[in-house]
Structure formats: C-alpha cells, structure tokens
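A.B. asks: Got a structure for you, questions after.
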Amino acid sequence: MTNEPSPVPRPGEFTPGRPILFRGATVLSMDPGIGVLEGGDVLVRGERIEQVGHDLAAPAEAVVVDAGGGILMPGMVDTHRHMWQTALRGLGADWTLSQYFVFYYLNWGKIFRPEDIHAGNLLAGLEALDAGVTTTVDWSHGLRTPEHGDAAVEALRSLPGRFVLAYGNIFGAPWEWAAAPEFRSFVDRNFASRDERLGLQLAFDVTGDEQFPERGAFAAARELDLPVTTHAGVWGATTDASIRLMWDHGFMNPKVTYVHATTLSEDSYQRIAASGGHVSVSTESEQSAGQGHPPTWRLRKHGIPVSLSMDSSVWWSADLFSAMRATLSADRAREHLEAHAAGETVVHNKLRARDVVEYATMGGARALGLQDVIGSLTPGKKADLVLIKNDRSPAMFPVLHPYGHVVFQAGRADVHTVLVDGTLVKYRHELLSPQLERAREAVGATVSYARGELGEQAWRQAREPEIPETELIPNPYTYSEYRGEGVAVRHTDA
Ligand SMILES: [Zn+2]
C-alpha cells in the first residue's frame, strides 16, 4: 500500500469484469473462520468474493474503494415482506392487526390490479437495496390471478437485487389455487429454470381447521419442490392447532419458515426445532400489531434458527437496522421483565449485538437454503455486500464495538455502497438504478386509484382509525409552587 491518496473512483469505472477491492474496512465477515478484521480488505471478482484479508494485492485493473472508517458486512436478508403493500406506504401506521385484516383481507386488498402489485414491488425492492438489504422474500399474498403473479415477477426481475417470490393469494383457498392448472402454468412460465436471483416459495396460512384443508397446498409444494412460508403463532389467528396439524400430516420439515411464531406452546416450539424449521421474526410488527411478544427469547432456548423481517411497509419499512435494534431490545426487555417477576436482576445480557447481525445475514441465508451462496463474506460466495461508511456522520466514529455499531449506531443513511452478485447497486450513498422515478410515478398512480376506489371517507378512516375515549387515572397530587417544605404542595382552589 502506498500513502498516495488515490482518486475516488466514479461509478462509471465499475465496469463489468473489473475486480473491486475494498481497502481498510472493519470487516464483519460473519464467517467463523475469518471473524472480524480491523483494517481489512475484500476483493471481489466477477460475481464472487475472491479474497478476504489484510493488505491484499490489488490486481492491476482493479477499482479500489477506500473503505477506511467503514464497516463492510454481508448484504442483509429480509425473509418476510409484503412488498405489494409498499404502494400504500405508512397508511396504516396506527393500525392494529385486526384493522389490517379488515383493510386488506376483507375490504380493499381485492382492488389491487397487476400494475399496483408491480408498482409496490418496484418501490419496495429499491428501498430494500438502498438500505443494504440485498435479498428480500416477497411474501406476496395479493396475487388474485396469475396475471398479478406475472406482474410481481416482472418487477422483481427488473430490479438489481436478489429476491424470492413467496406466492400467495388471500382471496382464494390455497388448496385450490396451489393445485390449479393456471398456477402450474405460471410456474412453468416464470420459473422453468431455477436461479439464485429469483426463488419461489408457497405462502399460505394454516387455519387450524381439524379437517386440514391445507393438505392440498402442502402437497402441491412437495410436488413442485417448493419451500413453504406460513404466518404461525399469531395471537387469535394461527395457533398451536396449526402446528399440530402440520406435524400430524407430515408437513413440518427444514424447508418451512414460520413467520412470527410468537404465541405458541413449548410443545409447538419443540416440533419446529425437531423438524429443522426456521422462524422469521418481525419484531416491529409483533410489538405494534399484536401477534405476540417477539419470540427470540424463547426460540433461543430451543435452538430454533432465526431470521429477521419487516413484514409490511403499510406500517414499517425495509430497514433491517431497525429490525436488529428492535429485536435486541425486545429480547432484553423480556429477560428483564421475567427476572423482575421472579424478584431478580439480569446481570448478563444473553442476546448479543453479534447475534442479531447474524440473524440479519446468515440467519436469512439459512432460512432460504442459500447458506453456501450468500450471508457471509467468504471467498467463493456471491458478492452481496454492504459498506456502511459516512464520513459526514458524527455517529460513525469511533467504531469500538463493530457489531454494536451496526445495531445501535448506524442507519440506512450510512449505507455507502451495495453490491449484489458483484454488481454495483448503490455507491457513495446513491442508488444507481434509474428506476426510482418510474417507481414514484407508478406508486403515485396506484395511490390515486386506491384513494378513488375507497372514497375520501374510507381513506380517512384507514389513516386515522377511531380511538375510544380513555379516562385518566385520578391523581390526588397537585403542584403549585415550591415553598421550601416539600415539592408536591396540596393546593385547593375552593
Ligand atoms: Zn406478514
């Protein structure tokens, strides 16, 4: 290495085939054999990571990125996001889960046209990439027709990220649509050859009906060799009965993702653990919508593998920094409350910052069966990586605890560079994709259309759900002024 300051490469210099060398980062490899490197280098050649180490020799034709002061980590993985709902970003900020169900499942989900699904996916995908989330499972349960599915696929394939379409349709019975010839031809049309840029899963919930009508949907998944993702352990919706039925009929296996898995018994967790299933924890969703307390504090005790997810941008966003932070806090909060209930104090935090970074990277890769492809900065793996670096941010130095820095200090505005398959997607804090303008127009059209379909009253009610009057607890204390004989001075005006 020389001391000559090298010029900052321009985006146009990252031409296909040129190796990229990241120089001098704190490297969170998430590979136990490599660990954390201070002042580490990562060399990317083609689609893959070629070398991770110190003072790597720069190939003559390499583009060198000064990553000093930054943290280089694997691209994050979101294992459950209803991307189509991003078209109505933030509308449901004050909803409960039942209000969400009434809005999408009962009343308005059915008005979404293929172009609305396309618009939501486009914006959701760009947002994820911008935030350093290089792989997203699109839990797409608004696919009323295969044409809606085609629109979802078209949007995902047009984006420079890695996605998995989890095909779902809440307006039909999964045992019907999953077995229908139209669905088979959708699969043939779009997934004739499987690749690592766009995967396919089946997405449906198990109601707990003792007749187990979902058997047909599981059978279709088995026949097509597709993983299943299912909302499980959702208070008041999917319970232990769903898990028992899946177990009894032989459909619990390592290719099932249980989303939320909050309000379940120890017995259900044992069945998930024994069958090798994965849980996708959506902490912000669980805390705010009410599926149950985020379950990592219980999953850990069963050794159940965890990944993270953001659920829906009708409330939240694509920001896995937020997911990591919320998950670590929710786990610790629960540990404290449990200890206090027993008259004790927590003296060691069991869940560590490293653990939630693991959940957000390798945890997601494992849930998708991509643990040998992505999830860590390991030579030979696909180069999906994120450089967190922001020289203008007072929160980006000093970096003393790199995992803690990612979880509690950094945010999506600090995402400097993103690569997917070795291709530059974001650089110097700017998305390089020209699709943002298109997404803005398309989502604008969807919002106008949806608002017209709902009418102003329903639209307003959706945004501002009713709130019942709450009475304040009577307070015997009043305060007037400090007179030297006590802070709280009883004061009567009568
Ligand atoms: Zn969900």
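A.B. asks: Per residue, how many Å² of accessible area does the stretch 177-216 show with a 1.4 Å probe?
C.D. replies: Using a 1.4 Å probe on heavy atoms only, each residue of the stretch 177-216 averages 48 Å².
A.B. asks: On to the next question. What list of ³J(HN,Hα) values in whole Hz, one per residue of the stretch 310-319 in order, does the Karplus curve 6.51 cos²θ - 1.76 cosθ + 1.60 (θ = phi - 60°) give from phi, with Gly and Pro shown as x?
C.D. replies: For the stretch 310-319, the Karplus curve yields 10, 6, 8, 7, 5, 10, 9, 8, 9, 8 Hz.
A.B. asks: Through the Karplus equation 6.51 cos²θ - 1.76 cosθ + 1.60, θ set to phi - 60°, convert the phi angles of the stretch 342-351 into ³J(HN,Hα) values in whole Hz; use x for Gly and Pro.
C.D. replies: Coupling constants for the stretch 342-351: 8, x, 10, 10, 6, 10, 9, 6, 7, 7 Hz.
A.B. asks: Right, another one. Can you quote the Å³ per residue value for the convex hull of the Cα atoms in the stretch 309-375, rounded to an integer?
C.D. replies: Each residue corresponds to 103 Å³ of Cα convex hull volume.
A.B. asks: Moving on to the next point. Sort the following peptides by mean Cβ neighbour count (other Cβ atoms within 10 Å, averaged over residues), highest first: 8-21, 272-285, 455-468.
C.D. replies: In decreasing order of mean packing, 8-21, 272-285, 455-468 become 272-285, 8-21, 455-468.
A.B. asks: Right, here's the next one. Would you mind checking which residues have amide H under 5 Å from G69's amide H? H placed 1.01 Å from N; only 5 or more apart, or other chain.
C.D. replies: Those lying under 5 Å, H to H, from G69 are T26.
A.B. asks: Let me ask something additional. Take the Cα atoms of the stretch 163-236, find their three principal axes, and give me the spread along each one in whole Å, biggest first.
C.D. replies: Largest first, the stretch 163-236 extends 38, 24, 21 Å along its Cα principal axes.
A.B. asks: Quote the charge dipole size of the chain about the Cα centre in Debye, to the nearest 20; the model charges only the Cβ of Lys and Arg (+1) and of Asp and Glu (-1).
C.D. replies: For this selection, approximately 660 debye.
A.B. asks: Determine the gain in length on full extension of the stretch V373-E469; use 0.36 nm per residue of separation and subtract their C-alpha separation, reporting nm with one decimal.
C.D. replies: The V373-E469 span can extend by a further 29.2 nm.
A.B. asks: Is the stretch 351-494 rounded, prolate or oblate when judged by the Cα gyration tensor, a ≥ b ≥ c being the square roots of its eigenvalues, rounded requiring a/c under 1.5 and prolate requiring a/b larger than b/c?
C.D. replies: Oblate, because a/c is 1.5 or more while a/b does not exceed b/c.
A.B. asks: Would you list, by chain and number, the lysines whose Cα falls below 23 Å from the Cα of K382, excluding same-chain residues fewer than 8 positions away?
C.D. replies: Result set, ordered by chain and number: K255, K426.
A.B. asks: Which one of S268, V420, Q457 is farthest out on the positive end of the charge dipole of the chain, using unit charges on Cβ (Lys, Arg +1; Asp, Glu -1) and the Cα centre as origin?
C.D. replies: V420
A.B. asks: So who's got an amide H within less than 5 Å of the one on V137, skipping anything under 5 residues away but keeping other chains? H placed 1.01 Å off N, in plane.
C.D. replies: For V137, whose amide H was placed from the backbone, the distant partners under 5 Å are D78, T79, H80, R81, V164.
A.B. asks: Add -39500 (n - 2.57) for each DSSP H run of 4 or more in the chain, then divide by its residues: what number comes out at 222 nm, to the nearest 500 deg cm²/dmol?
C.D. replies: -9000 deg cm²/dmol
A.B. asks: What are the ³J(HN,Hα) values, in whole Hz, obtained from phi via the Karplus relation 6.51 cos²θ - 1.76 cosθ + 1.60 with θ = phi - 60°, for each residue of the stretch 265-271 in sequence order, with x given for Gly and Pro?
C.D. replies: Those phi angles translate into 7, 4, 4, 5, 4, 5, 5 Hz.
A.B. asks: Can I ask one more? For a quick check of your reading of the filter: which trypsin sites (Lys or Arg not before Pro) in the stretch 159-218 sit in a DSSP loop and have no more than 15 other Cβ atoms within 10 Å?
C.D. replies: Answer in residue order: R194.
A.B. asks: Once a ≥ b ≥ c are taken as the square roots of the eigenvalues of the Cα gyration tensor of the stretch 323-424, is the result rounded (a/c under 1.5), prolate (a/b larger than b/c) or oblate (a/b not larger than b/c)?
C.D. replies: Cα axes put the stretch 323-424 in the oblate bin.
A.B. asks: Which of the aspartates and glutamates could be linked to K350 by a straight reach, that is with a Cα gap under 18 Å, when you skip same-chain ones fewer than 8 residues away?
C.D. replies: K350 reaches D331, E335, E338, E358.
A.B. asks: Shifting gears a bit: Skipping prolines and chain starts, which residues have an amide H placed within reach, meaning under 5 Å, of the one on A383, given they are 5 or more residues away or on another chain?
C.D. replies: Here R48, I49, D421, G422 satisfy the definition.
A.B. asks: Same structure again: Rounded to the nearest 5, what % of the DSSP beta bridges within the stretch 72-219 are antiparallel ones?
C.D. replies: 5 percent
A.B. asks: According to the Kirkwood expression over distinct Cα-Cα pairs, how big is the hydrodynamic radius of the stretch 72-115, in Å?
C.D. replies: Computed over the stretch 72-115, the radius equals 12.5 Å.
A.B. asks: Among N390, V443, P174, flag the residue with its Cα farthest along the positive direction of the charge dipole of the chain, charges on Cβ as +1 for Lys/Arg and -1 for Asp/Glu.
C.D. replies: N390
A.B. asks: Mind giving me the FRET efficiency for K301 and H401? R0 is 35 Å, r the Cβ-Cβ distance, nearest 0.05 is fine.
C.D. replies: Here the calculated transfer efficiency is 0.85.
A.B. asks: Continuing with this model, one more query. Hey, can you find the accessible area per residue of the stretch 378-450 for me, probe 1.4 Å, expressed in square angstrom?
C.D. replies: Value for the stretch 378-450: 45 Å² per residue.
A.B. asks: Right, next: For the stretch 320-409, which whole-number percentage of the solvent-accessible area (1.4 Å probe, protein heavy atoms only) is attributable to carbon and sulfur atoms?
C.D. replies: 53 percent
A.B. asks: Round to a whole number: what % of the accessible area of the stretch 63-201 belongs to carbon and sulfur, probe 1.4 Å?
C.D. replies: C and S fraction of accessible area: 55 percent.
A.B. asks: Another question, if that's okay. Taking the highest mean first, how do the peptides 334-343, 69-78, 145-154, 375-384 order by number of other beta carbon atoms within 10 angstrom per residue?
C.D. replies: Output ranking for 334-343, 69-78, 145-154, 375-384: 69-78, 375-384, 145-154, 334-343.
A.B. asks: Using only Cα atoms, what is the ratio of the radius of gyration of the stretch 290-335 to 2.2 N^0.38 Å?
C.D. replies: 1.19
A.B. asks: Which residue, V164, T230, A326, has the largest displacement toward the positive end of the dipole of the chain when charges sit on each Cβ (Lys, Arg +1; Asp, Glu -1)?
C.D. replies: The one lying farthest along the dipole's positive direction is V164.
A.B. asks: Give the Kirkwood hydrodynamic radius (Å, one decimal) of the chain, defined as one over the mean of 1/r across all pairs of different Cα atoms.
C.D. replies: Computed over the chain, the radius equals 24.0 Å.
A.B. asks: Please state the equivalent ellipsoid semi-axes for the stretch 86-164: what are the square roots of 5 times the Cα gyration tensor eigenvalues, largest first, in whole Å?
C.D. replies: Square roots of five times the eigenvalues give 22, 16, 9 Å.
The values are calculated or read from the model by the stated rules, or taken from the named source; none is laboratory data. Since the model is a prediction, treat every value here as computed from it, not as a measurement. Note that each Cβ is placed from the backbone with ideal geometry, even for glycine, and that neighbours are counted across all protein chains shown. Calculation scope for accessible area: heavy atoms of the full protein, side chains included, ligands and nucleic acids excluded. Shrake-Rupley method; radii C 1.70, N 1.55, O 1.52, S 1.80 Å.
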